[in-house]
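The values are calculated or read from the model by the stated rules, or taken from the named source; none is laboratory data. None of the values given here were measured: they were computed from a predicted structure. Because the Cβ atoms are built from the backbone with ideal geometry, glycine has one as well, and the counts that use them run over all protein chains shown.
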Amino acid sequence: MAALVPICAAAAEERVTILAVHYPPFEMEEPIDGLRGFDYEVVLEAFKRAGIEAEIQFVPWKRAMSDVENGQATGALSCADSPERSDLFFISDKISEENYGLYTRKGFKGPVLSNIADVAGVAVAAVSGYAIFDELNSADAVAIPLADDLSGLNMLDVERFNYLYAGRRNNDFLIKQHGLSGKFDFTEFRSINYHVCFSKVYPGINDILRAFNKGLAEVRADGTYQAIHSKYR
């Protein structure tokens with residue numbers, strides 16, 4: 001199928017930069033079993049359909065958010081929408097979704113928390129800078145900041161805390177990869193959609209966003225999206 005004609009001069013003349021963190025199986029800094037992540041593949045393919053050359057660079061998440069907000073990069077993935085982020089970024093159409101909830105140690109006998117309202121006054125860990133960390137603060141939890149998801153799993157395993165708020169697909173992947181299978185239970189709270197968060201001040205961003213969403217719709221419509229995701233099951 002022919003690629004879309006580039007719809008803005010800025011997109012045609014330069015490579016756009018999308019920032020990400022290592023967040024398997026959504027995006028991986030280095031290939032794992034020859035794969036780079038389903039969001040990684042979908043986003044690059046959507047830009048390709050739009051006639052825009054794109055590269056994905058891996059940086060810490062707080063830097064990604066700062067660089068995109070300041071227009072030093074075009075966008076960031078995989079990015080959950082929130083009122084705060086909608087104020088700072090243009091949000092693309094949905095690229096994927098993740099189920100979020102609480103991990104506890106297998107056999108943990110403490111209180112069962114079944115939804116976000118239950119975390120009020122409870123110490124719960126999450127990666128600092130993620131939208132879910134802000135969600136914990138809004139729910140009046142005692143939010144424990146983490147550097148990354150794997151650190152959270154390891155700290156939960158050695159009883160540094162009792163509750164880890166995190167995404168299931170990402171953390172189940174890490175659990176399997178790092179020999180932690182059978183050590184945790186998971187209680188799902190809700191599903192969160194992921195997007196690309198685009199800079200509001202990047203040159204030509206309105207045309208880039210429109211072209212990306214059009215390319216993404218084409219990727220979904222012709223079966224490419226499903227074919228990419230099928231490789232990760």
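Could you identify the single residue in Leu180, Leu150 that is touching a His at 6+ places or on another chain (Cβ under 7 Å) and not assigned by TED's automatic domain parsing to the domain that holds Pro25?
Values: Leu180 fails: touching a His at 6+ places or on another chain (Cβ under 7 Å).
It is Leu150.
Touching a residue at least 24 places away in the same chain (Cβ under 8 Å), within 17 Å of the chain's Cα centre (by Cα) and in a loop (DSSP other than H, G, I, E, B): is that true of Ala73 in this structure?
Values: touching a residue at least 24 places away in the same chain (Cβ under 8 Å): yes; within 17 Å of the chain's Cα centre (by Cα): yes; in a loop (DSSP other than H, G, I, E, B): yes.
Criteria met by Ala73.
Given the conditions (1) modelled with pLDDT of 95 or more; (2) under 20 Å from the mean Cα position of the chain (by Cα), and given that Ala117 satisfies all but one, which numbered condition is not satisfied?
All conditions are met except number (2).
From the list Lys48, Lys62, Lys106, exactly one residue is at pLDDT 95 or above, surrounded by fewer than 17 Cβ atoms within 10 Å (Cβ to Cβ) and either of a type in the set (Asp, Glu) or not assigned by TED's automatic domain parsing to the domain that holds Leu174 (or both). Which is it?
Being at pLDDT 95 or above, surrounded by fewer than 17 Cβ atoms within 10 Å (Cβ to Cβ) and either of a type in the set (Asp, Glu) or not assigned by TED's automatic domain parsing to the domain that holds Leu174 (or both) holds for just one of Lys48, Lys62, Lys106, which is Lys48.
Surrounded by fewer than 14 Cβ atoms within 10 Å (Cβ to Cβ), at pLDDT 95 or above and either in contact with a Ser or Thr (Cβ under 6 Å, 6 or more places away or on another chain) or not basic (Lys, Arg) (or both) - does that describe any residue in the range 212-219?
Scanning the range 212-219 turns up no residue that is surrounded by fewer than 14 Cβ atoms within 10 Å (Cβ to Cβ), at pLDDT 95 or above and either in contact with a Ser or Thr (Cβ under 6 Å, 6 or more places away or on another chain) or not basic (Lys, Arg) (or both).
Answer yes if at least one residue in the range 193-200 is of a type outside the set (A, V, I, L, M) and in a helix (DSSP H, G or I), and no otherwise. Full working, then the answer.
Within the range 193-200, the subset of a type outside the set (A, V, I, L, M) is 193-195, 197-200.
After this cut, where a residue has to be in a helix (DSSP H, G or I) as well, the list is none.
No, because not a single residue in the range 193-200 is of a type outside the set (A, V, I, L, M) and in a helix (DSSP H, G or I).
Determine the pairs where a residue that is in contact (Cβ under 8 Å) with a residue 12 or more places away in the chain, located within the range 164-186, has a partner that is among the polar types (S, T, N, Q) with Cβ atoms under 6 Å apart, the partner being 6 or more residues away or on another chain.
Arg168/Asn99; Ile175/Ser181; Asp185/Thr104
Are there any pairs, at least 6 apart or on different chains, whose C-beta atoms fall under 7 Å, with the first in the range 200-214 and assigned by TED's automatic domain parsing to the domain that holds Lys48 and at negative phi and the second buried (at least 18 other Cβ atoms within 10 Å of the Cβ) and assigned to a helix (DSSP H, G or I), and if so, which?
Once the first residue is assigned by TED's automatic domain parsing to the domain that holds Lys48 and at negative phi and sits in the range 200-214, its partners that are buried (at least 18 other Cβ atoms within 10 Å of the Cβ) and assigned to a helix (DSSP H, G or I) give Asp207/Ala11; Ile208/Ala11; Ala211/Ala11; Phe212/Ala46; Phe212/Phe47.
Only residues that are in a loop (DSSP other than H, G, I, E, B), surrounded by fewer than 18 Cβ atoms within 10 Å (Cβ to Cβ) and either in contact (Cβ under 8 Å) with a residue 40 or more places away in the chain or at positive phi (or both): list them for the range 23-33, please.
Hit for the range 23-33 is Asp33, nothing else.
When Asp118 is evaluated against the numbered criteria (1) of a type in the set (Asp, Glu); (2) within 18 Å of Ala217 (Cβ to Cβ); (3) in the same structural domain as Ser181 (by TED's automatic domain parsing), which criterion, by number, is the only one it fails?
Answer for Asp118: the failing condition is (2).
Identify the residue in the range 53-106 that is hydrophobic (A, V, I, L, M, F, W, C) and out of contact with any strand residue (DSSP E or B) (no Cβ under 6 Å at 6 or more places or on another chain) and, among all such residues, is nearest to Asn171 (Cα to Cα).
Trp61
So which residues in the range 196-233 are closer than 29 Å to Ser66 by Cβ, under 20 Å from the mean Cα position of the chain (by Cα) and among the hydroxyl-bearing types (Ser, Thr, Tyr)?
Hit for the range 196-233 is Ser199, nothing else.
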